[in-house]
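> Have a look at this one before I ask anything.
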Amino acid sequence: MSNTQNHGTNADHMAASPPLLEVRGLSVVFDTPEGSHQVVDHVDLKVSSGQTLGLVGESGSGKSVTCLAMLRLLAARGRVINGEVLFQEQDLLKLSEDDMTQLRGCKIAMVFQDPMVSLNPVRTIGWQISESLHLHQNISREAAKRRTLEMLDLVGIPEPKTRYNEYPHQFSGGMSQRAMIAMAIACEPKLLIADEPTTALDVTIQAQILELLSQLKSDLDMALILITHDLGVIAEAADEVAVMYAGRVVEEAPVFDLFDNPMHPYTLGLLNSLPRVDRKVDRLNAIEGSAPPPHEFVEGCRFEQRCGHCDDSCTGTRPDFKNIGTSRRVACMHPITTS
Amino acid sequence: MTTKQADSVMPSHTATGVKRGWLSATMHRWGLSGEWLVTAALIYIAFILFIAVFGFTFQPYEHTKQDLFNQLQPPVFMDGGSWDHIFGTDDLGRDVLSRLIKGLQLSVLIGVVGTVIGAVLGSVLGIVAAHFRGWVEEVLMMLVDVQVSLPFIIFALAVLAFVGNSLTVLIIVVGIDGWERYARLSRSMVLSCNAQDYVRAVRSLGLSNYKIYRRHVLPNILGTLVVQATINLPGVILLESTLSFLGLGVQPPMTSLGQILGVGRDYLILAPWIAVLPGMVIFFLTLSIAVVGDWLRDRLDPTLK
Amino acid sequence: MTRYIIIKLARSAFTLWFVVSAVFLVLRASGDPLYSIFSLGTPESTLDIYREKWGIDKSIFEQYIIYFQDIFRGDFGTSFFDARPAWDLIVERLPNTLLLGGTTFVISVVAGVSLGAIAALMRGSKWDRGIMTVAVASFSMPSYFLGLLLILFFSLEMRWLPTAGAGTWQHLILPATTLGLTLSGTIARFTRSAMLEVLRQPYMRTARAKGASKWRQIVWHALPNAAIPTVTVIGFQLGWLIGGSVVIETVFSWPGAGRLFIVAVGVRDFAVVQMFILMVASTVIIANLLVDILYGYLDPRITITGIKK
Ligand SMILES: Nc1ncnc2c1ncn2[C@@H]1O[C@H](COP(=O)(O)OP(=O)(O)OP(=O)(O)O)[C@@H](O)[C@H]1O
Ligand SMILES: [Mg+2]
């Protein structure tokens, strides 16, 4: 695929200018009746234009919450208690609500996890997509409609003219996902956050959507944050990868390095649970046990219970990030070194 | 719905650890921490029930006893009032307090019995419809349509005027009100209950229908029905009071709160207390039950609307 | 779609027939009305003349057939008391009833929906609690008692507004307020819960993520969705409103059809009672049909299932 090529250009990019988006020490707390839980804990992320950052982790690891917090779209009971979100060197968390409203959908757009319920059931698809245009561009009704039809066509929705006037319940899951993408990219955002855009789609459609996203990314020179718990998707579409576990980023690396040489035991576990053609396995090695729920989060390493490499030093203190070379980091007391 | 629950759970959270007085300690024990309104409502309901049941023991006069020398005497807290008639007297010199106690007794009785009739009637019809499905269900749904198409008070007024308003007829009429809500509710609950695997399993074991409904279905839907009854009760009380106010409900010499109010309406200028006192009693009673009903619903059964 | 509508219409017609027949039977089976109309000593021979004149000498079944024949000829019977057609008696009072009911309805819907929406948007705030407390209080309040309190204060104490009757807009204020308070309380409560339900739907987050302003999110995204359940509830409240106005017209001596009904019921005036009930039931049934249609219009998902059925 075009990954290698992209990778090269990105390296140049990164050296030249600061990243488009940089998240530093982002922490999010949810106040629930059962108490307050910090579900995102000092997360650092970076992504540059034209580049795809893959965000992987098990269900509940805080991927969606991290991204919602960046856009300040958290539910009422969620609040950011720490950190900054620098977008074009501007801290989004300090912007006024009006400025933030202008930015959303225009420079940063998000595709939500569950497209079927993320579309307004009483508005036509066409209305919802052209609304994005009207919100951010001074555009006539006809022009907006024309552009919407183009977008529908672009994301591969057949018969855009008919589909324009249809309602979300008339759309299948894959089509809704495409419509969501059309809505998000209508204003040609600088950054697109796609939250599990391919989960619950069948494999061929999954591949088409990924293809579409990377096409759009290079056409519009966008940055893309791709959330998934599917490493296959990561291998196919990401340039950089951040692995999240229980509210923390535990490893960050360029995609090839990560697959070649995972350094965090959790990453290794994830990779081992993948079926691979180049290696013969009798059965899939899923990681034993399950990730702790937020109310059982500890200060020390949260993977310790399920880890084969741990010792006493893993308990109690949070594992700091170790920089490995220039491009990768890992938060583990005993990172795996190449065998 | 989870968020709704959150409302009622949150206060208990803040209250724990705080030093409590006797009242809040008791409230906490009863799961009422922070729910001052609900507590007040419960206390008021308990008070009303007490009066309704035991009021006759300290009722100062016979409620029909007239005193033509002491007509329209104001209550003790107004100018010209006396301790002889704490809440004053009415147009015939009858003691308002005694009449309130007596009226309350009948209002509560009709309200409770009426609610039970409606709940049982509606639930049984709903269960029958859900059990037999087919045309039985169709007929029931049509009856529900019929019930909904005629404002109940109009139906009740017509029936009471033409058929006669003995206490029995009144209680039955008042009881019919709201049956369709229980019927809909129990029908849909039984349908979903019957669709559950374990009920199917029990059925395939050859347990009789009666036993299945008694042991497996009823216990599941009873809570919801009770909550629904609590929510309906204020409406039933209001219905009776309205009918009596209009002169078609409880007939003299018996009396109910609405009937006292209806009499008081004619003396609004001269003796406002005759109307205002029973009105207040009814208002706070229905309000208290509504508050408790809402609280129960949020607590036990957030699925009810 | 036409099939769906035809089924609906047939069901409505059946419902109406059932209501009218049931009321007819209950009323006629309740005994001879003449004894309550004429004083006790009236000779039977005189009564017989009237029985024949009013057609109540025949069997109930015959009366029933005649009653329906008459209805289809546009004859709704004659009042035992006024000796005038029931139709005329009711229709001449309708404008007053519609004035009171219409004013109340419009104001209550506007007030109820906006207050309910405000309460939902400011959930947990002082405003929310205030609005909801008033709402619960308003429908726990016996409406006739509220009416009396208002009369006591605004008419008798302050002498600002007339106690009873109709004619000027001042006459309208108290009865409309009495009826409207309860109605808007109910509507506000339902709007609030519908709105809260909508506000936590994922598509509202999509609207925010698009960069829609707060106002736009509410008006263009939330309200059209919240309207769907709310419209049903408001439709059902129409029946309540008619029932309530019967009581309130009596309290305020408002010369409308509801008060006529109470009087007619008191003297067992068959024709008037029957016609009133027929009219109320048709109104409610038609309103429910309209709600159904409106529902399909508001919710694109419904029309489709309607067609498929
Ligand atoms: N509105 C909320 N209220 C309370 N807790 C929440 C809320 N939203 C998310 N959480 C909690 O935050 C944690 C992280 O959730 P998040 O949705 O970010 O997970 P995720 O990594 O996106 O998982 P998935 O792959 O299932 O989407 C979870 O433990 C979840 O329970
Ligand atoms: Mg997620």
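> Quick check on residue A:60: is it more than 12 Å from chain C (Cβ to nearest Cβ) and touching a Ser or Thr at 6+ places or on another chain (Cβ under 7 Å)?
Spelling it out, it is not the case that residue A:60 is more than 12 Å from chain C (Cβ to nearest Cβ) and touching a Ser or Thr at 6+ places or on another chain (Cβ under 7 Å).
> Continuing with this model, one more query. Residue A:190 is checked against (1) within 22 Å of residue A:104 (Cβ to Cβ); (2) within 16 Å of ligand 1 (Cβ to nearest atom); (3) touching a Phe, Trp or Tyr at 6+ places or on another chain (Cβ under 9 Å) and fails just one. What number does that condition carry?
Here residue A:190 meets the rest and fails (2).
> Could you tell me how many of the residues in segment B:132-172 are within 11 Å of chain C (Cβ to nearest Cβ), at pLDDT 85 or above and assigned to a helix (DSSP H, G or I)?
22
> Hey, another quick one. Please pick out the residue among C:141, C:122 that is surrounded by 18 or more Cβ atoms within 10 Å (Cβ to Cβ) and touching a helix residue (DSSP H, G or I) at 6+ places or on another chain (Cβ under 9 Å).
C:141
> Among the residues of segment A:94-105, count how many are more than 11 Å from chain C (Cβ to nearest Cβ) and either exposed (fewer than 15 other Cβ atoms within 10 Å of the Cβ) or farther than 20 Å from residue C:213 by Cβ (or both).
2
> Sort through B:108, B:124, B:112 and tell me the only one that's over 18 Å from the mean Cα position of the chain (by Cα) and on the phi < 0 side of the Ramachandran plot.
Answer to the selection: B:124.
> Is it the case that segment A:131-152 has a residue that's within 9 Å of chain C (Cβ to nearest Cβ), out of contact with any strand residue (DSSP E or B) (no Cβ under 9 Å at 6 or more places or on another chain) and in contact (Cβ under 8 Å) with a residue 60 or more places away in the chain?
The answer is no; no qualifying residue exists.
> Output the residues belonging to segment A:49-93 that are more than 16 Å from ligand 2 (Cβ to nearest atom) and either among the β-branched types (Val, Ile, Thr) or assigned to a helix (DSSP H, G or I) (or both).
A:52, A:80, A:81, A:85, A:92, A:93
> Going through B:274, B:212, B:221, B:269 one at a time, which residue ends up being modelled with pLDDT of 85 or more and either of a type outside the set (Asp, Glu) or assigned to a helix (DSSP H, G or I) (or both)?
Working: B:274 fails: modelled with pLDDT of 85 or more; B:212 fails: modelled with pLDDT of 85 or more; B:269 fails: modelled with pLDDT of 85 or more.
Every option except B:221 fails the conditions.
> Considering every residue within segment B:83-105, establish whether at least one is in a helix (DSSP H, G or I), out of contact with any Leu (no Cβ under 7 Å at 6 or more places or on another chain) and of a type in the set (Ser, Thr, Tyr).
yes
> Another question, then. Only one residue in A:111, A:117, A:39, A:43 is within 16 Å of ligand 2 (Cβ to nearest atom) and without any contact (Cβ under 8 Å) to a residue 40 or more places away in the chain, so which one is that?
On the way: A:111 fails: without any contact (Cβ under 8 Å) to a residue 40 or more places away in the chain; A:39 fails: without any contact (Cβ under 8 Å) to a residue 40 or more places away in the chain; A:43 fails: without any contact (Cβ under 8 Å) to a residue 40 or more places away in the chain.
Going through A:111, A:117, A:39, A:43 in turn, the sole match is A:117.
> Do you know which residues across segment C:239-266 are of a type in the set (D, E, K, R) and either crowded, with 24+ Cβ neighbours inside 10 Å or within 7 Å of another protein chain (Cβ to nearest Cβ) (or both)?
Taking segment C:239-266 first, the residues of a type in the set (D, E, K, R) are C:249, C:259.
Answer for segment C:239-266, where residues must be of a type in the set (D, E, K, R) and either crowded, with 24+ Cβ neighbours inside 10 Å or within 7 Å of another protein chain (Cβ to nearest Cβ) (or both): just C:249.
> Mind listing just one residue for me: the one in segment A:167-217 that is polar (S, T, N, Q) and either within 16 Å of ligand 2 (Cβ to nearest atom) or within 14 Å of another protein chain (Cβ to nearest Cβ) (or both) and, of those, surrounded by the most Cβ atoms within 10 Å (Cβ to Cβ)?
Filtering first and then ranking leaves A:177.
> Could you check, for segment C:267-276, whether at least one of its residues is β-branched (Val, Ile, Thr), farther than 20 Å from residue C:141 by Cβ, buried (at least 23 other Cβ atoms within 10 Å of the Cβ) and facing chain B (nearest Cβ under 7 Å)?
Within segment C:267-276 (the criterion being β-branched (Val, Ile, Thr), farther than 20 Å from residue C:141 by Cβ, buried (at least 23 other Cβ atoms within 10 Å of the Cβ) and facing chain B (nearest Cβ under 7 Å)), the answer is yes, since at least one residue qualifies.
> Restricting to segment A:59-82, give me the number of residues that are more than 7 Å from ligand 1 (Cβ to nearest atom) and touching a residue at least 60 places away in the same chain (Cβ under 8 Å). Spell out the reasoning first.
Kept after step one, since they are more than 7 Å from ligand 1 (Cβ to nearest atom), are these residues of segment A:59-82: A:67-74, A:76, A:79-82.
Next cut, touching a residue at least 60 places away in the same chain (Cβ under 8 Å) only: A:67, A:70-71.
The total comes to 3.
> Can residue C:30 be described as under 34 Å from the mean Cα position of the chain (by Cα), part of a loop (DSSP other than H, G, I, E, B), at pLDDT below 85 and within 11 Å of another protein chain (Cβ to nearest Cβ)?
The answer is yes for residue C:30.
> With the checklist (1) surrounded by fewer than 24 Cβ atoms within 10 Å (Cβ to Cβ); (2) touching a residue at least 24 places away in the same chain (Cβ under 8 Å); (3) away from chain C (no Cβ under 14 Å) in hand, flag the one item residue B:208 doesn't pass.
(2)
> Is it fair to say residue C:129 is charged (D, E, K, R) and in contact with a helix residue (DSSP H, G or I) (Cβ under 8 Å, 6 or more places away or on another chain)?
no
> Of everything in segment B:245-266, what is part of a helix (DSSP H, G or I) and more than 16 Å from the chain's Cα centre (by Cα)? Give them in sequence order.
B:245, B:259, B:260, B:261, B:262, B:263, B:264, B:265, B:266
> Give the residue, chosen from B:96, B:76, that is modelled with pLDDT under 85 and closer than 24 Å to residue B:243 by Cα.
When all the criteria are applied, what remains is B:96.
> Failed condition for residue A:98, given (1) under 16 Å from the mean Cα position of the chain (by Cα); (2) part of a helix (DSSP H, G or I); (3) not hydrophobic (A, V, I, L, M, F, W, C), with all others met?
Status for residue A:98: all satisfied but (1).
The values are calculated or read from the model by the stated rules, or taken from the named source; none is laboratory data. Since the structure is predicted, the reported quantities are computational estimates derived from the model, not experimental observations. Cβ atoms come from the backbone with ideal geometry, glycine included; neighbour counts cover every protein chain shown.
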